[in-house]
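To keep things clear, I will list the structure first and then write my remarks on it.
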Amino acid sequence: MVQPPPARPGDAVEDIDTPALIIDLDAFEHNLSLMASRLPDGVRLRPHAKTHKSAEISLRQMALGAVGVCCQKTSEAQALVDGGVDNVMVSNQVVGAKKLARLAGLTERATISVCVDDASNIDAIADAMANESPNNQINVFVEIDVGNSRCGVAPGEPAAALARKVVAAPRLNFAGLQAYHGSAQHMRTANERRHAIEAAVAAVEKTTGILSADGINCDTIAGAGTGSFENEISSGVYNELQAGSYAFMDADYARNLDESGEPVSTFKHALFVMATVISSTRPGHAVLDAGHKSVAVDSGLPTVWQAESISYTGASDEHGVLAADNDAPTPGVGATVMLVPGHCDPTVNLHDWYVGVRNDVVEVVWPVTARGAVF
Ligand SMILES: Cc1ncc(COP(=O)(O)O)c(C=O)c1O
């Protein structure tokens, strides 16, 4: 059951019920505009909606020039299309007749793309599309493994063989290569990220070379995330960027370093979990109402916003423990703190609502449209 929103537009920040997922609207709008302004001619943005799972935010990104959005799951794609997003790429493999029928059905209402790395999956997509009206097509990307060791066929001839099969399949439109390097995103130094993307570019070129000799054009080379997108831009090879976290910036991304060895500061922290102190029984120790069920800790514990001497030191299901350095005071019972999540995507999936705040007043409340959409 979806819970009622923790606040209403016009409420003061201190009146928001907690734990609540907060967007600092000024920082968020700054991030969206900054990314849109960074794109050179010929490079498109298709932000990843797995970060925010929100039709509202997708439409805002598209209003600033994004060609559409990505997501990872068929049910996410459905929620976004239902919310009015007309161009969605599932940057992932979709396996199983039920899911493929659902995905194929979306081509009636939106431009849909999907990734493949397996010949039998191409046949299965063609079978699902055969049940749709004859005018509908689905864009298919061959995903290559550019060093991430997750999904993706080997670059070169194995990828080219799949591309030829897509080209030959009815109702399937070969759209290009999916060449996302996930593990590059959180490599801490700028050098490491640059080298990883140089290797990814070489893998792309190995594949496009074979395809162009066959007369097959790769319209789109897609990939990139918040950690590496500047490298993909400067490659001159990637022409569609999939960064997602840039909209919110989490604590883990803030640990990446720029060319001069300083923490990357391109984007601002815009996503917070607002939590309340529910217990403080001894000096230097306080307990929040936000633990594992309110904030994801897979990429490290949250940091406490604008409170250098206070750390979030441990989470259990419904509790988060704060500790103060060197006898600094901890907030008392009833006080609230803003946590910067270690990882924005799984944190968002724990909440039904975004509370958008400006100048300490709630301005908007948006549903997390695709919360729990894991099918
Ligand atoms: C396929 C794909 N593209 C792009 C991204 C976006 O990365 P980020 O949120 O780190 O910007 C992800 C994130 O996991 C992804 O899986």
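Across the range 199-214, rounded Karplus estimates of 3J(HN,Hα) from the backbone phi angles (6.51 cos²θ - 1.76 cosθ + 1.60, θ = phi - 60°) give 5, 5, 4, 4, 5, 5, 5, 4, 7, 5, x, 5, 5, 5, 5, 8 Hz, Gly and Pro being marked x.
Full extension of the chain segment joining D26 with H195 gains 57.4 nm, where the gain is 0.36 nm per residue of separation less the Cα-Cα distance. Note on the range 246-294 and the range 171-210: Cα centroid distance 30 Å, given to the nearest whole angstrom.
So the label point goes 7 Å from the Cα of R188 along Cα→C-beta, right? Which residues of the range 319-361 then have their backbone N under 18 Å from it? Output list for this probe position: 342-343.
Give me the percent of DSSP beta bridges within the chain that run antiparallel, rounded to the nearest 5. Expressed as a percentage, antiparallel bridges in the chain total about 50. Evaluating 6.51 cos²θ - 1.76 cosθ + 1.60 at θ = phi - 60° for every residue in the range 178-195, the Karplus couplings come out as 9, 9, 8, 10, x, 6, 5, 4, 10, 5, 6, 9, 4, 4, 4, 5, 4, 5 Hz, glycine and proline recorded as x. Database remark: amide H of A224 closer than 5 angstrom to the amide H of H181, Q242 (H placed geometrically; neighbours at sequence offset of 5 or more, or on other chains; Pro and chain starts carry no H).
Select from Q78, Q306, Q185 the residue whose mean-square fluctuation is largest in a Gaussian network model of the chain (Cα-Cα springs shorter than 10 Å). Between Q78, Q306, Q185, it is Q306 that shows the largest mean-square fluctuation.
Put simply, the C-alpha atoms of the chain give a gyration tensor, and the ellipsoid matching it has half-axes of 40, 23, 17 Å, longest first.
Listed values for the range 328-340 are Karplus-derived 3J(HN,Hα) couplings in whole Hz (6.51 cos²θ - 1.76 cosθ + 1.60, θ = phi - 60°), namely 5, x, 9, x, x, 4, x, 6, 10, 10, 9, 9, 9, and x replaces Gly and Pro.
Protection proxy ranking for 4-16, 152-164, using the average of other Cβ atoms within 10 Å per residue and placing the highest first: 152-164, 4-16.
A compact globular protein would have a Cα radius of gyration near 2.2 N^0.38 Å; the ratio found for the range 261-302 is 1.55. With helices as the sole contributors, the chain gives -8000 deg cm²/dmol at 222 nm; each DSSP H run of n ≥ 4 counts as -39500 (n - 2.57), and the sum is divided by every residue.
Amide hydrogen proximity for F174: with H placed 1.01 Å from N in the peptide plane, the residues at 5 or more positions away or on another chain lying under 5 Å are V140. For H269, no residue has an amide H sitting under 5 Å from its own, ignoring neighbours fewer than 5 places away on the same chain, with H placed 1.01 Å from N. Across the range 163-274, Cα-Cα pairs more than 20 Å apart make up 47 percent of the total.
Just so you know, all these numbers are worked out from the coordinates, no wet-lab data involved. Small disclaimer: the values here were computed from a predicted structure and weren't measured. For neighbour counting, all protein chains shown are included, and Cβ atoms are generated from backbone atoms with ideal geometry for every residue, glycine included.
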